[in-house]
Amino acid sequence: MTVSPATASAPLARTPLDRRVEPDLRVALCAAICVGLALLWWVRGGWIFPLDDAYITLHNARVLIEGHDPNYGVPALVGASSLIHLSLVTAFSLVLPGEAAAYLVAGIGPVLFLAGLLTLAQRLSLPWPEGIALALAGLASGTGQFLNGLETGLVMAAVTWTLVLALDRPSRLLALICGLLPFLRPELGLLSLILMTRQTWSRLAAGSDRAAALRAVAADAALALAAASPWLLWNLAATGALLPRTMAAKQAFFGHPPGSLPASVVYAAAMTAGGIGPAAAALLFLGRDGPGPALLWFVSLFILGFALTNREVLAHNGYRYTFALLPIALFAVMRLGAARGPSVLRLLILAQWAVALAVAVAAPTEIAAQQERVAQYRAVAHWAQANLPQARLLIHDAGVIATASDLPLTDLVGLKSPDSIADHRRWTAPSNGAERFRALDAIARRSGVTHAIILDDAPDHFWASLADDLRRGGWSLDPIETGSARGPYILYRLAPPTDPAAK
């Protein structure tokens, strides 16, 4: 492949050999990922998702198909962060078992992500060895995210292909994608707004035909709105809000740690760098041409937004929220390498690979431990279904229990039981968790729960402290032997305070 200096925004002319080899390499690598995912499913005899949140999606898909929710009694979209991801899982669940459908959807993410990175490398005229090495480093960096059953892999793929489109002249396709992005992850609505603003400016500044430019801008806006409208109306009809409220529920439950705004911004930036690795350093060099300034605005506002609302969530579930920025960071590495030469590019690739290999080596053990925890939770849920048919359960992990039983459930966090959010806004959030026990007491009293399933997450002891909060509110908790191997999820029999007014 031709190797020569290139600007970040103008790809080099290519030889026939370049045009022949690059597509072949992209197809071969993406096909290898598909084969690997199929072999993993076959060798493991299926797949247990390591995060409870994945089973919230499976539960929501089942509710969409069956038309009612036996567990929470709310619409399927309550607790759904990604309407597009949920729709895909639901569609495949019509012809496949739930976990197989979710695994198939999850597998789309890494394939499209790798294809997008290779396309970006080609578009920016990177030498093909470096381009492939960086793309594979990006893929390895996301090892813990692609098969967690959530939308993270699709987010990474969508952002990557949005960058490919942003390198081109203004296009209707980019407007269409921008209309869809907020319904893949709500935070991506900010990226859509910024890129649409950039495209509007580009159209207006492109020529002297003002009327034609305005017509093109209006067409972009109409197309983006047409893409967004079905999802907006669906969510509004189901939940009463235009966008998912899952982040609002987490913000109320976890609260906002005290500290100044500068300290929160530094913390959020550190969590972002910790999540995506050394490539994050290249975000400072996105450049002053092409989509660089717009992307830098998005990265800055992304970090500021989490700093203002819920900075701690950036570290949850293997830093999964930060991975929306990984494609942008890798794009920045490519632009920096194209502008500064192969030595800088290779140094950044080696640094990213060093971290990615550490992640990839640790991932199997960590995922296996999380899968074992999910399997134990499922066993407890099955026992409760068989032995406590009249129970009403208070829970905090809302997914596995809802796929393994039809018992009535109350989600004390608020993702699937929205009434809980008001209690946390009243007591938990203002006190930064100090008065969470008051919120739990109110939730438990109102819902009439008889039992609870709480995770013993030693040594962190965050989730286990919920049992202490209930006791502090006057509730009695009696552990029940479920007959399964002792695991982190503990089933308790609840007894309310003897004094109804006790707090």
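Quick notes on this structure:
- Scanning segment 294-339 for residues that are surrounded by fewer than 19 Cβ atoms within 10 Å (Cβ to Cβ), free of Cβ contacts under 8 Å to residues at least 24 places away in the same chain and more than 23 Å from F253 (Cα to Cα) yields a count of 1.
- Taken together, the residues in segment 221-243 that are among the hydroxyl-bearing types (S, T, Y) and surrounded by fewer than 16 Cβ atoms within 10 Å (Cβ to Cβ) amount to 1.
- If the condition is being over 14 Å from I443 (Cα atoms) and more than 29 Å from the chain's Cα centre (by Cα), then segment 461-470 contributes only D468.
- Segments classed as strands (runs of 3 or more DSSP E), wholly inside segment 429-501, with at least 2 members that are surrounded by 14 or more Cβ atoms within 10 Å (Cβ to Cβ), aromatic (F, W, Y) and modelled with pLDDT under 95: none
Residues are listed down the side, and each one gets a yes or a no for (1) buried (at least 17 other Cβ atoms within 10 Å of the Cβ); (2) free of Cβ contacts under 8 Å to residues at least 24 places away in the same chain; (3) not hydrophobic (A, V, I, L, M, F, W, C):
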{"residue": "L357", "(1), (2), (3)": "no, no, no"}
{"residue": "I367", "(1), (2), (3)": "yes, no, no"}
{"residue": "Q370", "(1), (2), (3)": "yes, no, yes"}
{"residue": "V374", "(1), (2), (3)": "yes, no, no"}
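- Looking only at segment 209-265, and only at residues there that are under 14 Å from G79 (Cα atoms) and of a type in the set (S, T, Y), the one that is farthest from the chain's Cα centre (by Cα): T239
- Wholly enclosed helices (runs of 4 or more DSSP H) of segment 74-185 bearing at least 3 residues modelled with pLDDT of 95 or more: 83-93, 98-123, 128-141, 152-166, 172-180
- Counted residues, segment 353-404 - those being over 16 Å from I56 (Cα atoms), more than 21 Å from the chain's Cα centre (by Cα) and either part of a helix (DSSP H, G or I) or aromatic (F, W, Y) (or both): 16
- Which listed residue is in contact (Cβ under 8 Å) with a residue 24 or more places away in the chain, in contact with a helix residue (DSSP H, G or I) (Cβ under 7 Å, 6 or more places away or on another chain) and under 19 Å from G73 (Cα atoms), from I454, I401: I401
- Whichever residue in segment 408-422 is surrounded by fewer than 21 Cβ atoms within 10 Å (Cβ to Cβ) and either basic (K, R) or outside any helix (DSSP H, G or I) (or both) and, among such residues, is modelled with the highest pLDDT: P408
- Count - residues of segment 249-291 that are assigned to a helix (DSSP H, G or I) and either of a type in the set (K, R) or in contact with a helix residue (DSSP H, G or I) (Cβ under 7 Å, 6 or more places away or on another chain) (or both): 24
- Looking at T162, T152, just one residue is in contact (Cβ under 8 Å) with a residue 60 or more places away in the chain and hydroxyl-bearing (S, T, Y), and that residue is T152.
- Number of the exception - R169 against (1) under 13 Å from P291 (Cβ atoms); (2) crowded, with 18+ Cβ neighbours inside 10 Å: (2)
- Criterion violated by L29 - all others in (1) assigned to a helix (DSSP H, G or I); (2) in contact (Cβ under 8 Å) with a residue 60 or more places away in the chain; (3) within 22 Å of the chain's Cα centre (by Cα); (4) crowded, with 17+ Cβ neighbours inside 10 Å satisfied: (3)
- Check on R425, touching a residue at least 24 places away in the same chain (Cβ under 8 Å), assigned to a helix (DSSP H, G or I), among the basic types (K, R) and more than 14 Å from L394 (Cβ to Cβ): yes
The values are calculated or read from the model by the stated rules, or taken from the named source; none is laboratory data. Quick caveat, the model's predicted, so the values are computed rather than measured. So basically every Cβ, Gly included, is an ideal-geometry build from the backbone, and we count neighbours across all protein chains shown.
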